[in-house]
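Peer 1: The structure under discussion is supplied below as structure tokens; questions concerning it will follow.
The values are calculated or read from the model by the stated rules, or taken from the named source; none is laboratory data. Quick caveat: nothing in here was measured; it's all calculated off a predicted structure. All Cβ positions, even for glycine, are placed from backbone atoms using ideal geometry, and neighbour counts span all protein chains on display. For accessibility, only protein heavy atoms count, side chains too; no ligands or nucleic acids. Shrake-Rupley method; radii C 1.70, N 1.55, O 1.52, S 1.80 Å.
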Amino acid sequence: MPTAQQPSLIVRQKSPENIEFPFASLSDWLIPTEQFFVRNHFASPDIDARDWRLRVGGAVERPIELYLDSIKAMRSTTLTAVVECAGNGRVYYVPPKEGLQWQNGAVGNAAWTGVPLREILEMAGVKRTAREVLLVGADSGVVDTSKKTASPGPIAFARSLPLEKAIADSTILAYSMNGRDLEVAHGAPLRLRVERQLGYKQAKYLTRIEAVADLGRLYGGNGGF
């Protein structure tokens, strides 16, 4: 619950949960986890971390499955970085724009701890033909049926990165935020954190990573990606 020093968060949407940080209350360079904004495209999935595993496949030599404990046992790194929703400040557009009417608080700076995505990809042995890396979350839903890119049924939330960005030192799979285990609202048990990318690229609730050689397959008709 908010204290006298922690003003109430601003609920922009109840389902799926989308919550804004009251930006006028900013007082430190790190946003406390309980005050950090929440952005969801679909409802948060129900994941039991004990049964969860990360599957890595596609254009790799050795498809692998990793449990959370085995990922946490790897060499960790901490990245202090900002994440910002692409729609931050949308309320100020004239004429108004479609979408959640964020003011200034769909942005925050936190310390993210995890493992470099590069090390996971090296374990699987990415093939030379790979050009992109697709990251798929456990959250799924139906894209707005009023849009031309509407999905015929539920799709998983997924985003891709060029291989050179995926293997950068600053691209990590985070399981901790501000020194504590990642919370469900922020993508537990594992989420992507990549520098200089807007929030919609920071896929949460990760369950699958796929190295992709055929970009036509990646972008040819799966509008949810």
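Peer 1: I'd like the Karplus ³J(HN,Hα) series for the stretch 73-85: coefficients 6.51, -1.76, 1.60, θ = phi - 60°, whole numbers in Hz, and an x wherever there's a Gly or Pro.
Peer 2: With coefficients 6.51, -1.76 and 1.60, one gets 6, 6, 4, 9, 9, 10, 10, 8, 7, 8, 10, 9, 5 Hz.
Peer 1: Using the Cβ atoms and a cut-off under 10 Å, what net charge is assigned to the surroundings of PHE157, where Lys and Arg are +1 and Asp and Glu are -1?
Peer 2: With Lys, Arg at +1 and Asp, Glu at -1, the net is +1.
Peer 1: Can you give the calculated 222 nm mean residue ellipticity of the chain, where each DSSP H run of n ≥ 4 adds -39,500 (n - 2.57) and the sum is split over every residue, rounded to the nearest 500 deg cm²/dmol?
Peer 2: Estimated from H runs of four or more residues: -2000 deg cm²/dmol.
Peer 1: Let me ask something else about it. How much of the accessible area of the stretch 152-213, probe 1.4 Å, is carbon plus sulfur, in whole percent?
Peer 2: Percent of accessible area from carbon and sulfur atoms in the stretch 152-213: 53.
Peer 1: Something else: Tell me, rounded to the nearest percent, the portion of alpha carbon pairs in the chain spaced more than 32 Å apart.
Peer 2: 19
Peer 1: Which value, in debye to the nearest 20, describes the size of the charge dipole of the chain about its Cα centre when Lys and Arg Cβ atoms bear +1, Asp and Glu Cβ atoms bear -1, and nothing else is charged?
Peer 2: Roughly 520 debye for the chain.
Peer 1: Please name whichever of ALA106, LEU54, LEU163 sits farthest to the positive end of the charge dipole of the chain, dipole taken about the Cα centre and charges placed at Cβ: Lys and Arg +1, Asp and Glu -1.
Peer 2: LEU163
Peer 1: Scan around GLU132 for amide H atoms under 5 Å from its own, H built in the peptide plane at 1.01 Å from N, and keep only partners 5 or more places away or cross-chain.
Peer 2: Placed amide hydrogens put LEU163, VAL212 under 5 Å from GLU132.
Peer 1: Separate question: Can you compute the modelled spin-label distance between GLU61 and GLU119, with each label point 7 Å from Cα toward Cβ, in nm?
Peer 2: Taking the two extended label points, one gets 2.0 nm.
Peer 1: Tell me, what is the per residue accessible area of the chain in Å², probe radius 1.4 Å?
Peer 2: In whole numbers, the chain has 52 Å² accessible per residue.
Peer 1: What net charge is computed for the residues neighbouring THR33, neighbours being all others with C-beta under 11 Å from the C-beta of THR33, Lys and Arg scored +1, Asp and Glu -1?
Peer 2: -2
Peer 1: Where Lys and Arg each count +1 and Asp and Glu each count -1, what net charge lies around GLY87 among other residues with Cβ under 12 Å from its Cβ?
Peer 2: Every neighbour counted, the sum reads +1.
Peer 1: Students often check this: by mean Cβ neighbours within 10 Å, which of 12-23, 65-76 ranks highest, and how do the rest follow?
Peer 2: 12-23, 65-76
Peer 1: Let me ask something else about it. Residues of the stretch 101-141 with backbone nitrogen within less than 20 Å of a virtual label 7 Å along the Cα-to-Cβ line of ASP28, please, listed as ranges.
Peer 2: 105-114, by backbone N distance to the label point.
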